[in-house]
Every structure is written in structure tokens, then in C-alpha cells.
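J.: My structure is below; once you've seen it, I'll send some questions.
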Amino acid sequence: MPFNFYAILAATFVSLIVGFVWYNPKVFGTIWMNETGMTEEKARQSNMLKVFGLTIFYSFLISFTLSGMVIHQFGALGMVGGDATKALPSYAAFMADYGDAFRSFQHGALHGFFTGLFFVLPITAINSLFEQKSWKYILVTSGYWMVSLTIMGAIICGWK
């Protein structure tokens, strides 16, 4: 099962594309700005090269890690120590039988969504509760990641 670097790279840019739509003032941008105290003037003072550069870097890390969550065959590879050439013949037989099992856009989307729902939402909520952020903020931010991870998971799992 070859590693699809192009799928990881494509998924990396999902966070930017979804963010462009999600945080548009006509969608959830105005709510997010009100809940964070962000103003357009303050946003213009940001070092956008730094912001977008680090966003791409961190999104790459997320995409790379997400591949292990949405492609079950990586778990089988992990069971043999990560080197399929040193595995017992039963590993090759298993991969011959199940090598493409659950490798679809729908399955990746499902696991991407669950990653957002069961990891990102609780983490965002915990931090936000201590930071005294509103539930609007929690839902807008977590919703963005649920949508992004759903699309990222679909790309990573479905693009063989």
C-alpha cells in the first residue's frame, strides 16, 4: 500500500479553502470576530505571510497524522513494525484480502468527521471554558474543524 503524498498535500490546503468560506462575514466570520474581539483593523496588522505559512505547515501535520486515523491499513502495517518486507506471510495474505477495504471517500469523511467531533470539539470546548469563551465561539471554531477534517479525511482515504 503506497503512501499517497499528493492526497496529503491536497488535504493540507483544505483548511485554507474551508476557512476562506467559513470565516467569510456572510457565513460565520462576523460571529467569530464578535466572539473573539477581532476587528478588521487588528486583522490587517497581522503578518499574513507568517499566518498563512504556519497554517499550511500545521495543516500538513494534521493531514499527515489524519492518514493514520482514516486508513485502517496503516494499523495493520503498524502491527508488523512498519516494515512490510519483514512481516510474516500472513500479512501479505491479509493485505491481499483486505488491502482496499474501507478505502473510500465516504469512509474517510466519516472518520474525519468523528475526529472533529470527538477530539477537536472537546479540546476546543475545554480550552474555551477556561478562557471564558462563549458557546458560539466553541461551535463556530469546532464546526470549522469538523467540516475541514471531514473533507481532509475523504481526500486522504479515498484518493488511492
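J.: So, Phe105, is that one modelled with pLDDT of 85 or more and more than 22 Å from Tyr6 (Cβ to Cβ) or not?
T.: Spelling it out, it is not the case that Phe105 is modelled with pLDDT of 85 or more and more than 22 Å from Tyr6 (Cβ to Cβ).
J.: Can you pull out the helices (runs of 4 or more DSSP H) entirely within the range 78-152 that have at least 3 residues that are of a type in the set (Gly, Ala, Ser)?
T.: Qualifying helices (runs of 4 or more DSSP H): 89-98, 105-115.
J.: Please tell me if Leu66 is crowded, with 16+ Cβ neighbours inside 10 Å and within 24 Å of Ser128 (Cα to Cα).
T.: Spelling it out, Leu66 is indeed crowded, with 16+ Cβ neighbours inside 10 Å and within 24 Å of Ser128 (Cα to Cα).
J.: Return a yes/no flag: does the range 91-108 have any residue that is within 22 Å of Tyr58 (Cα to Cα) and either open to solvent by less than 50 Å² (accessible area, probe 1.4 Å) or touching an Asp or Glu at 6+ places or on another chain (Cβ under 6 Å) (or both).
T.: For the range 91-108, residues within 22 Å of Tyr58 (Cα to Cα) and either open to solvent by less than 50 Å² (accessible area, probe 1.4 Å) or touching an Asp or Glu at 6+ places or on another chain (Cβ under 6 Å) (or both): present.
J.: Condition first: assigned to a helix (DSSP H, G or I), among the hydrophobic types (A, V, I, L, M, F, W, C) and open to solvent by 90 Å² or more (accessible area, probe 1.4 Å). Now tell me which residues in the range 2-47 satisfy that.
T.: Phe5, Ile17, Phe20
J.: Would you point out the residue of the range 69-90, among those that are over 27 Å from Thr12 (Cα atoms) and among the polar types (S, T, N, Q), that is most open to solvent (accessible area, probe 1.4 Å)?
T.: Thr85
J.: Kindly provide the set of residues from the range 128-160 that are among the polar types (S, T, N, Q) and open to solvent by less than 80 Å² (accessible area, probe 1.4 Å), ordered by number.
T.: Answer for the range 128-160, where residues must be among the polar types (S, T, N, Q) and open to solvent by less than 80 Å² (accessible area, probe 1.4 Å): Ser128, Ser134, Thr141, Ser142, Ser148, Thr150.
J.: Six or more apart or on different chains, Cβ atoms under 7 Å: show the pairs whose first residue is in the range 47-58 and of a type in the set (S, T, N, Q) and whose second is surrounded by 10 or more Cβ atoms within 10 Å (Cβ to Cβ).
T.: Thr55/Ser15; Thr55/Leu16
The values are calculated or read from the model by the stated rules, or taken from the named source; none is laboratory data. These figures come from a predicted structure and were not determined experimentally. Cβ atoms come from the backbone with ideal geometry, glycine included; neighbour counts cover every protein chain shown. The accessibility values were calculated without ligands, DNA or RNA, using every heavy atom of the protein model including side chains. Shrake-Rupley method; radii C 1.70, N 1.55, O 1.52, S 1.80 Å.
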